[in-house]
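One structure is given below, encoded as structure tokens.
The values are calculated or read from the model by the stated rules, or taken from the named source; none is laboratory data. From a predicted model like this one, the values you see are computed outputs, not experimental measurements. Cβ placement follows ideal geometry from the backbone for every residue including glycine, while neighbour counts extend to all protein chains displayed.
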């Protein structure tokens, strides 16, 4: 699941980096960009659900989490911080704090 999440972040960031010229005239770049932003928001929310499950003890501890756990946390944090509205949207502000805490705990647990 975590590897898939990291792959989805990478795929949608790639779409957002494409220019209209690269996509071609007949292609609706704006629609693809909007869909990729929505997908990135959704993936970030899935990562937050995973963080909540780990915090609640409903999953094995982060010590037992696969090596991709910190990577997907960083990817979700990158998405949150790259959004221009992240300081105005409550869920994004809360996500930033939770992701930073989870990443810090993950680093501490793996030392």
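Here is how the numbers come out for the structure above:
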item	result
Pair list, Cβ under 8 Å, 6 or more apart: the range 3-16 residue on the phi < 0 side of the Ramachandran plot and in a helix (DSSP H, G or I), other residue loosely packed, with under 14 Cβ neighbours inside 10 Å and at pLDDT below 75	3/66
One residue from 62, 67 being modelled with pLDDT under 85 and closer than 17 Å to residue 7 by Cα	67
Test result for residue 49, surrounded by fewer than 12 Cβ atoms within 10 Å (Cβ to Cβ), modelled with pLDDT of 85 or more and part of a helix (DSSP H, G or I)	yes
The range 102-111, subset more than 16 Å from residue 75 (Cβ to Cβ) and in contact with a helix residue (DSSP H, G or I) (Cβ under 8 Å, 6 or more places away or on another chain), residue modelled with the highest pLDDT	105
Options 33, 86, 91; residue that is assigned to a helix (DSSP H, G or I) and modelled with pLDDT under 75	33
